[in-house]
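*Asks:* What follows is a single structure, and I will ask about it in a moment.
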Amino acid sequence: MSYLKRFWNWLLGKTTVDEKIVDAYHKVEDKVEEIVEDVKETVEEVKERAQRVAEEAKDVAKAAKEVVKQSKDVVDAAKGQKRKGRPNKKTTKK
């Protein structure tokens with residue numbers, strides 16, 4: 001029986017199957033780590049872009065409100081009303 005065990009251990013020592021499995025496992029583990037890092041970076045970039053888009057949308061909304069106010073002033077001017085909020089300039093003829 002001990003001869004059989006020694007032969008079996010010797011035979012296992014000659015094969016590289018277990019080493020190949022360990023190498024494959026480490027390669028897969030490294031690839032998974034790379035993918036996880038890439039995903040984290042992508043998520044951070046998407047969050048930053050979303051935040052910038054939200055800020056720009058606020059700026060656009062603010063500008064649109066100002067446009068609405070100005071368009072109301074144009075309508076009032078067409079009706080012949082005086083300008084609001086600014087002193088009226090006297091025009092001088094030359």
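*Asks:* Would you kindly give the portion of the calculated P(r) for the stretch 1-40 that falls above 11 Å, as a percent of all Cα pairs?
*Replies:* 69 percent
*Asks:* In degrees from 0 to 90, rounded to the nearest 10, what is the angle of the helix 17-79 Cα long axis to the longest principal axis of the chain?
*Replies:* Between the helix axis and the principal axis of the chain, the angle is about 10 degrees.
*Asks:* With a 1.4 Å probe and every protein chain kept in, tell me what percent of the accessible surface of the stretch 1-54 is carbon plus sulfur.
*Replies:* Solvent-exposed carbon and sulfur of the stretch 1-54 make up 62 percent of the total.
*Asks:* Between (1) 74; (2) 182; (3) 167, which entry matches volume of the Cα convex hull per residue in Å³ as derived from the coordinates of this structure?
*Replies:* This structure yields the entry labelled (2).
*Asks:* Show which aspartates and glutamates lie in cross-link reach of Lys58 when reach means a straight Cα distance below 13 angstrom and same-chain residues fewer than eight apart are skipped.
*Replies:* Filter leaves Glu66.
*Asks:* Something else: Relative to the longest principal Cα axis of the chain, at what angle does helix 2-14 sit, 0 to 90 degrees, rounded to 10?
*Replies:* 40 degrees
*Asks:* Let me ask something else. Using the heavy atoms of the protein chains alone and a 1.4 angstrom probe, what is the accessible area of the chain per residue in square angstrom?
*Replies:* 105 Å²
The values are calculated or read from the model by the stated rules, or taken from the named source; none is laboratory data. Just so it is clear, the structure is predicted and the values come from calculations on it, not from any experiment. In case anyone asks, the SASA skips ligands and DNA or RNA and just uses the protein heavy atoms, side chains included. Shrake-Rupley method; radii C 1.70, N 1.55, O 1.52, S 1.80 Å.
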